[in-house]
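J.: One structure coming up, written as structure tokens, with questions to follow.
The values are calculated or read from the model by the stated rules, or taken from the named source; none is laboratory data. Here the structure is a predicted model, which means the values were calculated and not measured. Cβ atoms come from the backbone with ideal geometry, glycine included; neighbour counts cover every protein chain shown. With ligands, DNA and RNA removed, areas are computed over all heavy atoms of the protein, side chains included. Shrake-Rupley method; radii C 1.70, N 1.55, O 1.52, S 1.80 Å.
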Amino acid sequence: MWRRGLLLRPPAVGFPLRIRSSQTLVQYIGSRASSSQAARSNSDPDVSESYPREWIDSIVAQQKGFGHAAISVKDMNLLIFPDYSYLPRHLNRVAELQSRVAAENSKTGKKLIIGEYPDLRELLEYIYDPNLRTNLTYANLKKWITTNGGISDGSMVPWRIIDLFNLLANKRVTGNDAKELTYTFLMMHHISEDQRLMDTFGKLLDRNLVAGFGANTLKEVIWRKVDEVDAPVFEPKLVSTASDRSSPSSRPQSAASNSPAPQTLQSAANPTANSDVSPLQVSKSGKTPIHPKTAKVDKFEVALGKSLEPPFDPLFKDGSEWYASRKLDGVRCLTFLDFLVPSLSPSPSSDQGSIKLVSVHFVSRTGKEFTSLSKLEEQLRPLSNLPDLRQWLVADPLIVEERPEGVVKRLILDGEVCVMRPKTSDELATSQARDDGSVAESMWIANDPFVEDFSSTVSQMRRSETIEHLSYFVFDVLSYAELNAKASFRAHEGLGKSFGRRIEDIRYLGKWLNGQLDSEGVKEKMIKDLKQIKVSDVKDVEAMVDRAAREGWEGIILRKDTGYKGKRSSDIRKFKKWLDAEYKVTSLDTSSMRLSVNGVFGEHNALANVWIEHDGHPVSVGSGFTAEQRIRYAQYPEQIVGKYITVEYFGESDSMEREKKASTVGKKSLRFPRVKMVWEEGKRGM
């Protein structure tokens, strides 16, 4: 039977009082009236002094977090039941932290993960103290266990890891005695039976969790409160003082059992025991700050793309999958939705009170506020009732601020605000449906009568007056922690989603929100679905670029199906490089084409492409013509052959002429050319 000693010093007595304990019983401490009934070892000093009840209560409070299943107090007598399953669970938490932090690359991400383990704060800060030396390595301990493996009598075995390490650091025990004491500690707590826990203990003993952080990182961690996390921090249960003294056969169940959680002890002797206060902003009400103090960023940044030019083969060399969408001609806008969460229970299905939307902020990609989007804010307010919202918010470890009734968490929408205008007759003719069955076809809204008006968007976004009519194309939904860290938290449950999974969240959010607005009778809905089409090879990308050329889009955006990166990176590629020049049409080709004329599809003899010369090399231009032009120019080729046209293109490329001749070496062709204007009068007149 293991025995251990606790040194308890009452304030009115000048000597320590040793309590001998076993797995089931800790010796009673009594007052003068009951001291004769207390079982004491012969080595204990006289305890006939009368100890004040406040001291007994302070002992109860001081045992919080020490792994005791229960403490019974009756007539100034104390009974403690240890819980030997506490330390394995504590080490499991250390192993979990080590695994998650090691998998996270960014320093900010590591700090956020560490902050979720406030129950380990004391231990982590202790082992990473640069002045600490345990004078025993894990390698030497394992070697000794293999060759000797003796255990001590348990008289000096402490309860906590920190107390053990203090004995080793202060050289209270050295040599084989230190190894024997440590092994006994591991045996007592059933750690030696689990190799994973042994290795975790070994990392602590060697003062290196091998997770890429140290003492300086710990200084910058914002710790959550212990009662906000699912941590095995066991508080002793105060058994009713009116009942008879507990016996081993009737003692309360361990905290590891399925019994109700132990009652929390409140003690005037230590009202702040076991609490961690984070430097969070606290407010009773009102609008939240755009950039709270909890968000430690040196510079506000968001995901931005790098330019892309053909050839497109490098995109797929590593087997990556991409999503393509139109490059909109609008203004980038991030929406900060701040929700008051009454409870952070890990069970999102339980009844925990209503979530309230307390603030909405709209900011630019540099973090500057937009003040003209109150109409959009009104349409976002129903999101406080989004079924999956609590689950999303609870998964995010970053808190905006604390309030008496709960904490404020933030959800991020990233998108583009566009003020739309009706298309001109020429634009409508150019953007008729093609019914071509291509991948690009599915990303295009057939016969959409509106187009982005960039100049109007910029002008109205700069004002303070509310924009009455706009479209908000959402292309990402993020946790605040990931936006703040500028990185994806792959090791964090509920976060670290790939772009494809975030698209699913966007579609779910948009569909649910617009359904709510329908039920409220809102006709003009501002949240729009920016179609994202999965592409997996070069042909798909080329089809997208060709469609962009046909329809006169701003460009194409490609996003890799991976986690979030809050900076300019190759995970986002933008294909936009419109140049233009005037060329003389030298000839044309015709073919039978399926075209829509007045909304009716049919086979027509039509212009397929015209030929021009660029840098002395013949170039085919087939995009940008309306159906009416294609039919007319096929019938009357003189209306275009010999005339000048304005051609837009994305850039130059090396000549791709099939039969390379010496005269064409070094010549340049045009990438994805399209007709912007036909000057039927001959030459450009303006």
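J.: Among the candidates GLY494, GLY515, GLY521, GLY510, which residue alone is open to solvent by 30 Å² or more (accessible area, probe 1.4 Å) and part of a helix (DSSP H, G or I)? Before the answer, list the steps.
T.: Details: GLY494 fails: part of a helix (DSSP H, G or I); GLY521 fails: part of a helix (DSSP H, G or I); GLY510 fails: open to solvent by 30 Å² or more (accessible area, probe 1.4 Å).
Of GLY494, GLY515, GLY521, GLY510, the one residue that is open to solvent by 30 Å² or more (accessible area, probe 1.4 Å) and part of a helix (DSSP H, G or I) is GLY515.
J.: Restricting to the range 384-410, name every residue that is outside any loop (DSSP other than H, G, I, E, B), surrounded by fewer than 19 Cβ atoms within 10 Å (Cβ to Cβ) and charged (D, E, K, R).
T.: The answer is GLU402, and nothing else.
J.: Looking at ASP476, ASP546, can you tell me which residue is part of a helix (DSSP H, G or I) and in contact with a helix residue (DSSP H, G or I) (Cβ under 8 Å, 6 or more places away or on another chain)? Full working, then the answer.
T.: Numbers: ASP476 fails: part of a helix (DSSP H, G or I).
So the residue among ASP476, ASP546 that is part of a helix (DSSP H, G or I) and in contact with a helix residue (DSSP H, G or I) (Cβ under 8 Å, 6 or more places away or on another chain) is ASP546.
J.: Something else: Within the range 593-625, take every residue that is of a type in the set (Val, Ile, Thr) and open to solvent by 20 Å² or more (accessible area, probe 1.4 Å) and give me the one that is nearest to ASP546 (Cα to Cα). Steps first, please.
T.: Here is the first cut: in the range 593-625, the residues of a type in the set (Val, Ile, Thr) are 597, 600, 610, 612, 619, 621.
With the extra rule that they be open to solvent by 20 Å² or more (accessible area, probe 1.4 Å), the set shrinks to 597, 600.
Numbers: VAL597: 21, VAL600: 23 Å.
My answer is VAL597.
J.: Something else now. Does the range 422-437 contain any residue that is open to solvent by less than 30 Å² (accessible area, probe 1.4 Å), at pLDDT 75 or above, over 27 Å from LYS293 (Cα atoms) and among the polar types (S, T, N, Q)?
T.: Within the range 422-437, none of the residues are open to solvent by less than 30 Å² (accessible area, probe 1.4 Å), at pLDDT 75 or above, over 27 Å from LYS293 (Cα atoms) and among the polar types (S, T, N, Q).
J.: Scan (1) closer than 26 Å to GLU504 by Cβ; (2) surrounded by 21 or more Cβ atoms within 10 Å (Cβ to Cβ) for the single condition VAL419 breaks and write down its number.
T.: With respect to (1) closer than 26 Å to GLU504 by Cβ; (2) surrounded by 21 or more Cβ atoms within 10 Å (Cβ to Cβ), VAL419 is out only on (1).
J.: Is it true that some residue in the range 627-644 is within 52 Å of the chain's Cα centre (by Cα) and either of a type in the set (Ser, Thr, Tyr) or assigned to a strand (DSSP E or B) (or both)? So that I can check it myself, show each step before the final result.
T.: Step one: list which residues in the range 627-644 are within 52 Å of the chain's Cα centre (by Cα), which gives 627-630.
Okay, now just the ones that are also either of a type in the set (Ser, Thr, Tyr) or assigned to a strand (DSSP E or B) (or both), so none.
No, the range 627-644 has no match at all.
J.: Here is a follow-up. Is one or more of the residues making up the range 117-135 under 21 Å from the mean Cα position of the chain (by Cα) and of a type in the set (Val, Ile, Thr)?
T.: no
J.: Restricting to the range 313-330, count the residues that are of a type in the set (A, V, I, L, M, F, W, C) and either surrounded by fewer than 16 Cβ atoms within 10 Å (Cβ to Cβ) or modelled with pLDDT under 90 (or both). Spell out the reasoning first.
T.: Going residue by residue through the range 313-330, those that are of a type in the set (A, V, I, L, M, F, W, C) are 315-316, 322, 324, 328.
If we keep only those that are either surrounded by fewer than 16 Cβ atoms within 10 Å (Cβ to Cβ) or modelled with pLDDT under 90 (or both) too, we end up with 328.
Result for the range 313-330: 1.
J.: Hey, another quick one. Name, by its number, the condition in (1) of a type in the set (A, V, I, L, M); (2) over 21 Å from PHE316 (Cα atoms); (3) open to solvent by 20 Å² or more (accessible area, probe 1.4 Å); (4) in contact (Cβ under 8 Å) with a residue 40 or more places away in the chain that does not hold for VAL585.
T.: (3)
J.: How many residues are open to solvent by 20 Å² or more (accessible area, probe 1.4 Å) and either in contact (Cβ under 8 Å) with a residue 24 or more places away in the chain or not in a helix (DSSP H, G or I) (or both) when one looks only at the range 366-383?
T.: Applying the first criterion (open to solvent by 20 Å² or more (accessible area, probe 1.4 Å)) to the range 366-383 yields 366, 368-371, 374-375, 377-378, 381.
Pick out the ones that are also either in contact (Cβ under 8 Å) with a residue 24 or more places away in the chain or not in a helix (DSSP H, G or I) (or both) and you get 366, 368-371, 374-375, 381.
Qualifying residue count for the region: 8.
J.: Suppose the filter is over 30 Å from LYS107 (Cα atoms), surrounded by 20 or more Cβ atoms within 10 Å (Cβ to Cβ) and of a type outside the set (A, V, I, L, M, F, W, C); does ARG559 pass it?
T.: Working: over 30 Å from LYS107 (Cα atoms): no; surrounded by 20 or more Cβ atoms within 10 Å (Cβ to Cβ): yes; of a type outside the set (A, V, I, L, M, F, W, C): yes.
Here the answer is no, as ARG559 does not meet what is asked.
J.: Looking at this structure, is ARG501 out of contact with any Phe, Trp or Tyr (no Cβ under 7 Å at 6 or more places or on another chain), open to solvent by 30 Å² or more (accessible area, probe 1.4 Å) and not in a strand (DSSP E or B)?
T.: Numbers: out of contact with any Phe, Trp or Tyr (no Cβ under 7 Å at 6 or more places or on another chain): yes; open to solvent by 30 Å² or more (accessible area, probe 1.4 Å): yes; not in a strand (DSSP E or B): yes.
Spelling it out, ARG501 is indeed out of contact with any Phe, Trp or Tyr (no Cβ under 7 Å at 6 or more places or on another chain), open to solvent by 30 Å² or more (accessible area, probe 1.4 Å) and not in a strand (DSSP E or B).
J.: Loosely packed, with under 13 Cβ neighbours inside 10 Å and closer than 30 Å to ASN484 by Cβ: is that true of LYS219 in this structure?
T.: Working: loosely packed, with under 13 Cβ neighbours inside 10 Å: yes; closer than 30 Å to ASN484 by Cβ: yes.
When the stated conditions are applied, LYS219 passes them.
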